[in-house]
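Here the structure comes first, spelled out in structure tokens, and everything after it is commentary.
The values are calculated or read from the model by the stated rules, or taken from the named source; none is laboratory data. Because the structure is predicted, anything quoted here is derived from the model rather than measured. We place every Cβ from the backbone using ideal geometry, glycine too, and count neighbours over all the protein chains shown.
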Amino acid sequence: MNDHINRLLTDFGNALGLEGLSLDENGYCCLSFDEVVVNIEAVGETSLVLLYSSLGALPADAGPEVCRRLLEANYFFHGTGGATIGLDGPTGAVAITRVVDAAGMEVLDWEAVIKAFVDAAESCAALFDAAPAAAEAAAAPSRFEQFIRG
């Protein structure tokens with residue numbers, strides 16, 4: 001099924017001027033759109049794709065209002081475009097994630113999914129004025145490692 005995902009990525013990359021865009025040998029690809037780094041991982045040999053992006057670290061002094069805004073955005077996907085916001089308690093890292101079924105998708109469908117995800121990441125990061133840092137965004141959230149690659 002990764003062949004279909006790679007075809008979507010290649011066609012999408014060609015439209016962006018990124019020739020040869022595809023998943024690596026681990027089923028992973030990473031793209032940057034302005035300040036948003038989008039991590040793309042195939043879920044095994046299925047048609048499912050995990051999209052995730054770091055929104056930054058929740059400030060220590062964030063207070064309940066910031067958490068409330070993030071939870072409101074997460075409620076019935078109101079502000080996340082179908083994605084979910086999560087907090088890694090020990091590190092304070094906030095991420096937005098979405099699982100997409102790429103089966104039957106064409107490049108225009110994929111483009112719409114990526115655009116909606118980037119828009120949601122930007123608006124959610126703005127909820128606590130945190131910009132994703134490229135260095136931290138490329139690393140998979142630690143709890144996903146075994147699920148995705150294990």
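Computed values, structure above
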quantity	calculated
Scan of the range 70-82 for residues that are in contact with a Cys (Cβ under 9 Å, 6 or more places away or on another chain) and assigned to a helix (DSSP H, G or I), ordered by number	70, 73, 74
Given (1) touching a strand residue (DSSP E or B) at 6+ places or on another chain (Cβ under 7 Å); (2) within 13 Å of residue 123 (Cα to Cα), number of the condition residue 81 does not satisfy	(1)
Residue ID - nearest to residue 108 (Cα to Cα), chosen from residues in the range 23-50 that are over 16 Å from the mean Cα position of the chain (by Cα) and either surrounded by 17 or more Cβ atoms within 10 Å (Cβ to Cβ) or of a type in the set (Gly, Ala, Ser) (or both)	47
Residues within the range 51-100 that are free of Cβ contacts under 8 Å to residues at least 24 places away in the same chain, over 18 Å from the mean Cα position of the chain (by Cα) and surrounded by 14 or more Cβ atoms within 10 Å (Cβ to Cβ), tallied	1
Pair list, Cβ < 6 Å and 6+ apart or interchain, from the range 15-42 residues that are outside any strand (DSSP E or B) to residues that are of a type in the set (Ser, Thr, Tyr)	21/10; 22/10
Helices (runs of 4 or more DSSP H) contained in the range 104-150 and holding at least 2 residues aromatic (Phe, Trp, Tyr) and modelled with pLDDT of 50 or more	107-126
Residue 83 being small (Gly, Ala, Ser), at pLDDT 95 or above and either within 29 Å of residue 13 (Cα to Cα) or touching a Pro at 6+ places or on another chain (Cβ under 8 Å) (or both)	yes
Answer from 31, 51 - the residue that is closer than 20 Å to residue 11 by Cβ and in contact with a Lys or Arg (Cβ under 8 Å, 6 or more places away or on another chain)	51
Options 64, 59: the member that is of a type outside the set (Val, Ile, Thr) and in contact with a Gly (Cβ under 9 Å, 6 or more places away or on another chain)	59
